[in-house]
Structures are given as structure tokens and as C-alpha cells.
Amino acid sequence: MEASSAEPGNSAQLNGHHEPNGHHEASSRGILQRGAGRAAQPPGPGYKWIALSNTTLGVLMATINASIMLIALPDIFRGIGVNPLQPGNTSLLLWMIMGYLVVTAVLVVSFGRLGDMFGRVRIYNLGFAVFSVFSVLLAVTWLHGTAAAWWLILGRIMQGVGGAMLMANSSALLTDAFPTNQRGLALGLNQVAGIGGSFIGLILGGLLGPVDWRLVFLVSVPFGVFGTFWAYLKLRELGVRRPAKLDWAGNVTFAIGLIAVLVGITYGIQPYGGHTMGWTSPFVLTAIFGGLAVLAVFCVVETRVPEPMFRLPLFKIRAFTAGNLASLLSSLGRGGLMFVLIIWLQGIYLPRHGYSFSQTPLWAGIFMLPLTVGFLIAGPVSGWLSDRFGARPFATGGMVVAAASFLLLELLPINFIYWQFALILLLNGLGMGLFASPNRAGIMNSLPRESRGVGAGMSATFQNSAMVLSIGIFFTLIILGLASSLPHALSHGLIAQGVPRADAARVAALPPVSVMFAALLGYNPVQTLLGPAIAKLPASHAAYLTGRSFFPSLISPAFSNGLSIAFDFAIAACLIAAIASLMRGRRYVHEEHGAGAGEQPAAESGFAGELQDAGPAAKAAETA
């Protein structure tokens, strides 16, 4: 399959110059008008703000839906009649959480590459439409039980396909629309909307889920429909499209390899046989190491095909490589943070302070608002400043601030004073916002025009894959901490309250992941784990076991052990990310420092030659 060739005169039109009228010009104009948002005429001065508002809506919608189910999961599972904590149903719970993240991580590079070939606006518009259609289908499911759960998982995966189309092309559309001295601000606002959306989704899920679980999916539909038509009518194709053949070998090997690794991580969290977790499972080991082997084959394939999907030569650009390495490490440090904070709040802090277990999902989202506020404050400001002073000081400083906030979280007692917790979350949000906007602007500024789509997709792949890996790492560290002392404490505490030894032994033998998921879902953990056995106890003992103090007091010491290890990992990841960010060099913009800057469109000079020639210029611009 081959993209339609760019007709003579097209590059000149896209750069504001006009060739004499002729057949080729008319043909090019017609194609772009019908398929890519009326790009025949140069956009007006207000177009960049239209692009910013539309892409921000798209990214916000995609990221809200990545997290909205976390808080609404109890209402969703009750609505479809499934107990996710029953044996055999844990995989349903994990795929409901992880399926969307996995598919976006796998597909963003492919859709970014397709945007470079066929038009970024076209792929972006399609993403809005796909996302909206499957939001409707998720809400109108007629199924019940396990079948309904798998239908929702499939729908979430297809939502992720639309989300990947949006995320892969939004940064490239903004980079095309904004001049170099305003990209940091634009990409900063877009990036903050994306990161802030993940926390806004928590609150929306907590508000809408108790009313009707279908609203969790329907809330996206009006915005998706509006965004689809708005993007179709207003967005214009300003990028340079390069005719190329699809890299089928690269797409297939990349998808198989990355899916295998991420699936292995997902199942590694679950118990296996008599083991607390599944990291020793033959399936998990085969998936992870087999996936890594396929990804190694993918790297070889990409060096031998004429039009590779994954532009490995882009890593010759120092600012691109350092920025993506810092982004990957930052995502490793913060990806599992949301889950850890939710379990901390829902399982321990909120019940101890008078909130019933059923109320904790909503209040956990509300209590984490300072984190979002920090993002919203620091993101736009740091992006604006990076336009003038470069990304390095702000992105590097942001990671140092984030590392300091993780250290302060580690020093907090389990039963903390909230204002201290809130200030530390605000500091963490400020640090992450300080990093995210300049880092994304630095990455996008370093790219040649015709590679912005695939470059943005590569960056999103690193970030999304690291998020999934981070969730696996944080879960593993917390569960290992729980496994060290929770079974004995649980057995001893239950027996002391009159629970028969057989029932206490059965509950104590359950994998710690069951206890953690019970807290994550806002269920009453002891009541859920004991089941009918609770009815055999004296009323006073049953009330104490299912009350607000027994479970939080029981789990706190074991949870604290795992929490400290998880925060140590986050601190290390953020500090290494700061070092990677420091290595990016001074401000580097490809249009200004790359080969032929200001002379001709990048598409005319050729991709490989441009990267070769950009080396010395890039090094001169990046000298520390």
C-alpha cells in the first residue's frame, strides 16, 4: 500500500508560496481540501489557537478515559453482575484497567507514521470518530456477567485505538501550527491537559459511577461528536506529507513484541500457583522474553527496509534522544503513583478518618486534587519560559523537584496530617508540570517537519509503555511488602476476634493482590474476603472486623514497607531522568539549527541526508 504522491506545487503552497495555476495544483488542492481539512489556502493568524483548543480537547478526552474507570470500577462490576475478586475474575479486572493503556502504547507509532504519510489531520479526525463510536457501544451493552465484562474490555481496547490516533498526531499538529517561539506554551498546555485529564477522570468516575455506570462512557460522546465535526471543518493540513510504502514487517513485529511484553507484565501481577505473583509463570516469562526477542528482530528489520515505521536515525538527534529517555524514566517514576495513592487513601487513610469504604473512591479522587493543581500551574508557565530559555533548566529542575516530593512522601507517616500530604502532592504536580511541557516542546522542536508524526508517536510509545511497566513495578513492590507480614497479621487478628481457624487460615492464604484490589475497588475488604463466615460471628465482633479501624490498622505496617520501596524506586527514576534531561544540550530547533534551515522544506532535501547534515549543526547548538 502506498501513500498518494505529493503533487508539484504542494510544498510551496504549504509554506505560503503560490505556483502558477495548473492541473497539478488544482489536483493537489482538491485532495487536501476533501481529505485533510482544507489546506489549500494559508491559515489565518487565529488558526493556531483553533488547533490548540481542538487538540487539547482530544488529548483531554483520551486521557480522562484512561483513568475514569479506576474509581468507577465497583459500580461497573455491580452493574454487569460480576465479582472481580472471585477466583478467575482477576484477569477481567486487570484488563479493564490495563487494556486501554496497552493498545495506545502499541499503536501510537503506527498512527504517527500514517499521519506523516496520509495527513495528520485525516488520522486525527478518524481518531475522534472511532473514540466516539465505541463510547456509545460501551454504554449500550445488553450483555450481563462475564460476557459483558469481555465486551467492555473489547470496547475499551477499540477506544484505545481512537485514543492512539488522537495522541499520535496532536503534538505534530501543534508543532505545525505554532511558530518556534510559541511551541513550548502550546505543547505545554496540551501536555498539561493530558496529564491533568488522568486525574480529572478519577473525580468524574467517582461522581458518575454511583449515578449510573453507563454515564462513565456516555460522558465522552458529546465532546467526541463535537470534536469530530469541529476538527473536520477547521483543522488544516500544514505538514509535509512524504509518499511512502507501509512498513508491514516493522508494524507486525513491533505490535507482536510490545503486546507480548505488556501482556506478560499484566499477568505477572497476578498470583501463579502457590506464588504470591506470576513472575515465575512460564507464560509470563515466555511473553516477556519472547516479546523482547521479537522487538530485537524489529530493530534489525527497521535498519533494512527503505521506509521504516520507527525512524531509528532520529536518535542521532541529541535533543530527541535525551528528551525521550527523560520522558521514559519520568513515566516509570510516576506511572504507578496514582494506584499507590488510591490504595493508600482508600484502604487506610480515609476509613481511619470516618469515611465508609463505599465512599472512599470518590473522596480519594478529591483528596488528590492538589496534584492536578500543580500540573495546571507549572505546565503552561514552564512551557512559555522554555520558548525563551530552552527546555533543559526547567525539565531537569522539574525532575529534581519530583524526586524531592517522593522523598517527602516516604517520610510521611501512614496516618498523615492531610495538609502536609496536600502540599507534597502540590509539589509533585509542580515538578511534573515543570518537566512535562518543556520536555515535550524540546522533543518536537528537534524533529524534521516530515517526521513529526512518527517522532511524536515514538515519544508517546516510550511514555505509555513506561506507564504500564511502572504500574507493574509499583504493584509488585507493594505486594512484596504486603506478603512479608500481612498473612500472619491477618490470621492472628481474625482469630483474636473469634473467626474459626479454618476460615482465618483460608483468608490469610489468599494472595495479597486480593487484599489490594479490594482496597482499590472501595469494597469492605474483610467483609469481602470472609464472605458468609462473617455471619457466624457475634454481632459486636463482626462490626469491629468490618468497621473502619480493623483493616487499616492491620494493613498499615505491611503496606508501609512496600510503600517505602516503591518511593525509593520513584526517586531513583526521577533523578536519572534529571541526568538524562541535563544531557540534552542547549535549546535546539530543527528549523533554526538543522541542515538547510530557512532554505527549503525538509521533504525536498531528503530525510536521510538531512539527518546526516544536521549532525554538526545540532552539536554546535547543543554544546553545553
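The values are calculated or read from the model by the stated rules, or taken from the named source; none is laboratory data. Predicted model, so just to flag it, every value in this text is computed and none were measured. Virtual Cβ from ideal backbone geometry, glycine too; neighbours counted across all protein chains shown. For accessibility, only protein heavy atoms count, side chains too; no ligands or nucleic acids. Shrake-Rupley method; radii C 1.70, N 1.55, O 1.52, S 1.80 Å.
Annotations for the structure displayed:
- With all protein chains in place and a 1.4 Å probe, the accessible surface of the stretch 165-216 carries 66 percent carbon and sulfur.
- Residue ranking by accessible heavy-atom surface, 1.4 Å probe, largest first, among Lys234, Lys48, Lys245 comes out as Lys245, Lys234, Lys48.
- Electrostatic tally near Phe559: other residues with Cβ closer than 14 Å to its Cβ, Lys and Arg +1, Asp and Glu -1, net 0.
- Dipole size of the stretch 406-507 about its Cα centre, with +1 on Lys/Arg Cβ and -1 on Asp/Glu Cβ: approximately 180 debye, rounded to the nearest 20.
- Taking the charge dipole of the chain about its Cα centre, with +1 at Lys and Arg Cβ atoms and -1 at Asp and Glu Cβ atoms, the residue from Trp279, Ile343, Pro525 reaching farthest to the positive side is Pro525.
- Between Ala502 and Leu411, the FRET efficiency from the beta-carbon distance, with R0 = 41 Å, is close to 0.50.
- On the beta carbon distance between Lys245 and Phe389, with R0 = 41 Å, the FRET formula returns roughly 0.50.
- Fully extending the segment from Leu285 to His541, taken as 0.36 nm per residue of separation minus the present Cα-Cα distance, adds 87.7 nm.
- Full extension of the chain between Ala293 and Val252 yields a length gain of 13.4 nm, computed as 0.36 nm times the residue separation minus the alpha carbon distance.
- A cut-off of 5 Å between modelled amide H atoms, ignoring neighbours fewer than 5 places along the same chain, links Leu447 with His590.
- Within-12-Å neighbourhood charge of Leu52 [Cβ basis; K, R +1; D, E -1]: +2
- Seen from Thr360, the other residues with C-beta closer than 12 Å to its C-beta sum to a net charge of +2, counting Lys and Arg as +1 and Asp and Glu as -1.
- Solvent exposure of the chain, expressed per residue, is 36 Å² of accessible area, with all protein chains present and a 1.4 angstrom probe.
- Under-5 Å amide H pairs with Asn89, H placed in peptide plane, nonlocal only: none
- Candidate residues Leu185, Leu412: accessible-area rank, largest first, probe 1.4 Å: Leu185, Leu412
- When only alpha carbons are used to place a centre, the stretch 190-250 and the stretch 329-397 end up 21 Å from one another.
- Only the Cβ atoms of Lys and Arg (+1) and of Asp and Glu (-1) were treated as charged; on that basis the dipole of the stretch 369-461 about its Cα centre amounts to roughly 260 debye.
- Residue separation of Arg78 and His275 scaled by 0.36 nm, minus their Cα-Cα distance, works out to 68.0 nm of gained length.
- Mean Kyte hydropathy of 0.5 or more with a Cα span along the axis of at least 27 Å, helices from DSSP in the chain: 47-80, 90-118, 120-139, 146-177, 183-208, 248-268, 282-302, 369-389, 392-411, 418-445, 452-496, 550-582
- Accessible area in the full protein assembly, largest first, 1.4 Å probe, for Thr141, Thr321: Thr321, Thr141
- Remark: the chain carries a charge dipole of roughly 600 debye about the Cα centre, counting +1 on each Lys and Arg Cβ and -1 on each Asp and Glu Cβ.
- Each Cα pair under 8 Å and six or more residues apart adds its separation to the average, and for the chain the resulting relative contact order is 20 percent.
- Label-point separation in nm, Val221 to Gln86, each point 7 Å along Cα→Cβ: 2.9
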